[in-house]
Amino acid sequence: MKRLCFAFCAALLGFAVQAVADNLPAGATLQKNVAYGTDSAQKFDVYLPASPAHAPILFMVHGGGWRHGDKDMGRVVDNKVARWIPKGIIFVSVNYRMDDAVTPVMEADDVATALVKVQQLAPSWGGDPDNVILMGHSAGAHLVTLINSAPEIATAKGAHPWKGTISLDSGAMSVPQIMKARHLRLYDDAFGKDPAAWEAASPYHRLKGPTPPLLGICRQRSLESCPQNRALARKVAEFGAKMEVQPEAMSHGEINSELGLPSAYTERVEAFMRELGWRV
């Protein structure tokens, strides 16, 4: 039954089930399954450009409804690696625990712990631990936005400040708003029935002060994604911080898989990276 559910979720979210990294850009290397915790799921992959030197780091968190997905899926990795590794950027793709006993807040803790490990190891790769952009898709977008809204989740573990965050089509910016309306069952499986737990996992409700810059990519056709991103952006602005919202006429899966292909969409994301000081 879990295998059938995974296949369904993969199709729904636009994931490729095949793993990648067989065709890396020239000179690139891959370090697989670097552990950041004791659980078998607490690992990340590191894609290194040729001869990195003080290289910026793109830290990617996959989606899958908080219960599925993997760090080496093609639509998580392929086009992003092909685009940015040749530009001298280190790409890290992160796994996190997703079993039924693990809450989204615990998953955010995993992601934060992975970030600390990445920043600790960055100099050994030729990377810059102070020049990291967080990125996530779907559930992964929710997790990196939650950390961006509540930086103490990561800084309390020893994380350095990061440059900014790119959220690829998360509609879960206000979890209570979702849970009080009609919603997909996957939200019940992830967030449960406790309103206090909803607020603890809600980027909108965890936001209490200035945060790193945030780019929220959202689907124009979604009734959740763009409205929730815009509401979060208004609250971010109240604290004098910056959040850009970029609607795209794409599917949920395409927002992930097509990022990195030559397009106006990829160029808009790179414009945000340049605002953070990256040369792309």
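For this structure, a couple of remarks:
- The lone criterion from (1) out of contact with any His (no Cβ under 6 Å at 6 or more places or on another chain); (2) on the phi > 0 side of the Ramachandran plot; (3) crowded, with 24+ Cβ neighbours inside 10 Å left unmet by residue 158 is number (3).
- So residue 277, is it in a helix (DSSP H, G or I), modelled with pLDDT of 95 or more, more than 23 Å from residue 207 (Cβ to Cβ) and among the small types (Gly, Ala, Ser): no
- Scope the range 84-116; condition part of a helix (DSSP H, G or I), of a type outside the set (Val, Ile, Thr) and buried (at least 21 other Cβ atoms within 10 Å of the Cβ); matching residues: 84, 104, 107, 108, 109, 110, 112, 114, 115
- Any hit, the range 67-76, residues being out of contact with any Leu (no Cβ under 6 Å at 6 or more places or on another chain), surrounded by 24 or more Cβ atoms within 10 Å (Cβ to Cβ) and in a helix (DSSP H, G or I): yes
- Evaluation of residue 14 against (1) modelled with pLDDT of 95 or more; (2) over 20 Å from residue 131 (Cα atoms) (one fails), failing number: (1)
- Selection from the range 76-130 of residues that are more than 16 Å from the chain's Cα centre (by Cα), of a type outside the set (D, E, K, R) and closer than 30 Å to residue 193 by Cβ: 101, 102, 103
- Filtered residues of the range 30-49 (kept if surrounded by 14 or more Cβ atoms within 10 Å (Cβ to Cβ) and farther than 17 Å from residue 260 by Cα): 30, 32, 34, 36, 37, 39, 41, 42, 43, 44, 45, 46
- Of the helices (runs of 4 or more DSSP H) lying entirely inside the range 118-235, those containing at least 2 residues that are at pLDDT below 95 and either touching a strand residue (DSSP E or B) at 6+ places or on another chain (Cβ under 7 Å) or not acidic (Asp, Glu) (or both) span 185-191.
- The range 250-269 - residue that is free of Cβ contacts under 8 Å to residues at least 40 places away in the same chain and surrounded by fewer than 17 Cβ atoms within 10 Å (Cβ to Cβ) and, of those, nearest to residue 77 (Cα to Cα): 262
- Of all residues making up the range 33-56, the number that are farther than 22 Å from residue 170 by Cα and either touching a Pro at 6+ places or on another chain (Cβ under 6 Å) or not in a loop (DSSP other than H, G, I, E, B) (or both): 10
The values are calculated or read from the model by the stated rules, or taken from the named source; none is laboratory data. Note that the structure is predicted; figures quoted are calculated from it, not measured. Heads up, the Cβs are rebuilt from the backbone with ideal geometry, glycines too, and the neighbour counts pull from every protein chain shown.
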